[in-house]
1. Across region 189-207, which residue is nearest to residue 399 (Cα to Cα) among those that are surrounded by 17 or more Cβ atoms within 10 Å (Cβ to Cβ) and touching a strand residue (DSSP E or B) at 6+ places or on another chain (Cβ under 6 Å)?
2. Considering only region 272-308, state which residues are buried (at least 16 other Cβ atoms within 10 Å of the Cβ) and assigned to a loop (DSSP other than H, G, I, E, B).
3. Restricting to region 145-155, and then to whatever is touching a strand residue (DSSP E or B) at 6+ places or on another chain (Cβ under 7 Å) and over 14 Å from residue 47 (Cα atoms), can you tell me which residue is surrounded by the most Cβ atoms within 10 Å (Cβ to Cβ)?
4. Please pick out the residue among 27, 45 that is touching a helix residue (DSSP H, G or I) at 6+ places or on another chain (Cβ under 7 Å) and over 18 Å from residue 189 (Cβ atoms).
5. Please pick out the residue among 127, 111, 63 that is part of a strand (DSSP E or B) and at pLDDT 95 or above.
6. Looking at residue 233, is it in contact with a strand residue (DSSP E or B) (Cβ under 6 Å, 6 or more places away or on another chain), surrounded by 12 or more Cβ atoms within 10 Å (Cβ to Cβ) and closer than 27 Å to residue 258 by Cβ?
7. Quick check: is even one residue across region 5-18 surrounded by fewer than 17 Cβ atoms within 10 Å (Cβ to Cβ), in contact with a helix residue (DSSP H, G or I) (Cβ under 8 Å, 6 or more places away or on another chain) and under 26 Å from residue 103 (Cα atoms)?
8. Touching a strand residue (DSSP E or B) at 6+ places or on another chain (Cβ under 6 Å) and closer than 21 Å to residue 305 by Cα - does that describe any residue in region 406-417?
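The values are calculated or read from the model by the stated rules, or taken from the named source; none is laboratory data. It should be emphasised that the depicted structure is a prediction, and the values quoted were computed from it without experimental measurement. Ideal geometry is used to build each Cβ from the backbone, glycine not excepted, and the neighbour counts take in all protein chains shown.
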C-alpha cells in the first residue's frame, strides 16, 4: 500500500470503532516484541519524531523499559507540540524526555528510529540528519527507516540504515524499490488491528511480485495436450548477435511453449540451425519472409528485439509483427530502433504487447521523471501495453494501473544475456495463453528464482536448465492448494 492508502486504511479502521491509540499501542508492541526476540537486553536509545511515528516510539520505549531494558528517549521538537494519539502515547511514558542531540546516542548499543515514517515527503536536515549520519550501532526502524520516501524508495537527504524494519499491515513501495530496500534490512510486517476488509474499500493496485499474484493464471499440460495447444512461439533472430535470440528461444522452450521457431536471417541461418537442437529454424531475407511466418494462424506469440540490430530493417520487422496482432514481446533493439519515432511506435502497440526495457531503452521511448514505479505505470497507461521495467527492483505495470514490484532477483542476474532469457520466458507464457500482465510478472519471478538456484558463477546459459526445477516447485504448490 502507498502511504496515502495506508492512511486511508487507518482512517477507515478508526471510523469503524477502533481507537487510534489502540493501533499505536499495537504498533509499538510489535516493534518491542521484534527487538526482544532479536537482541538480548542492552542500552537502547529511542529517537522520536513529532508525529505518529514518534508516538509509536513512545510506546516502544515504555514497553522495553517495563521489560528491564535501559531506555533513553530523545524527542525531535517540543513535547507540548505533540497532538492526538502521539500526545496520549507520550503521556503514558513516565521516564525522562531528552532533546534530540548527539549526546542521546552516548552509551546506546541499539537505536530505535521512530523519527519519520513512510509518509515522509521532504528532505531531512538539521539535527535529525546529523544524528542519522552519526549512528554506528544497529538500528530498528519503526515503519520505514527515517529518510526513505515510502512511496518511491528515494533517500530524502539522508537516511538511517536499519538492521530491522517493522512495518504495519502491509509493506509500502519504499520497502521494495531501490535504494529504499537496501536501507530496510530485514523487514517484518506486523498486524496492528486493521482488518483486511478495508482493502476492498481502499483497493490498492500495487503488489509485491509473488506466485499468489499469478499462480492461478499458469497453464499446466493436460493429458490431451499437444504442442500447438501449448503455444507456437516465434523468435525473430538477428544476423550478428545470434546468441541473444538463441538464449530467448531456449528459455521459451524450457518454460513450456509447445513449439519454438527462430526466424533467422539467411546469412546467419547455419549458426542457428546447428546450435538450436529441438527448435525450428526458418531462413528469412526480410520483412516479407517474416510476414509469411506470421501468417500461420497457429503461431500465436512473437518475440522481436534480442540481437536484432538497431535501424530501419528492425523497425520494418516490428511493424509487421505488430500488424499481425499476435501476443508480442518487444525487447532490446526492437525498442531502441524507435527512439526517433516514439509516437508512431506507441500508436502501433496493442493490449497483447509486453515491453521489456532496461532503463536506457526505457528513456529512449518514455518520460523519465518520477520514481521507477511512477514511470512504469505512466508508460503502461500511455502505451496501452504491459511494461516490464528491468533492474534489481523490476516493476511490471499494466495499462489499468496495476503494478508489481519484483524483489527476488539475485545480483548474479546482472550479466549479459540474462534479459534475453527473461524475454523468452515472457514469450513462452504468452504463447500458452497467460494474460500479458500475469505472464510478465510470473516470468520475472521465475527468472529470479532460477537465478537463486544457480547462484554464484551464474551465466545466462545456466538459467534455462534450472527452469524445470522452478516449474516443478510451482506445480507442486499449485496442486497442494487444490
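1. Here the residue is 206.
2. Matches in region 272-308: 276, 279, 305, 306, 307, 308.
3. Among residues in region 145-155 that are touching a strand residue (DSSP E or B) at 6+ places or on another chain (Cβ under 7 Å) and over 14 Å from residue 47 (Cα atoms), the one surrounded by the most Cβ atoms within 10 Å (Cβ to Cβ) is 148.
4. 45
5. Exactly one residue qualifies, and that residue is 111.
6. Taking the combined requirement at face value, the residue satisfies it.
7. No - not one qualifying residue is present in region 5-18.
8. no
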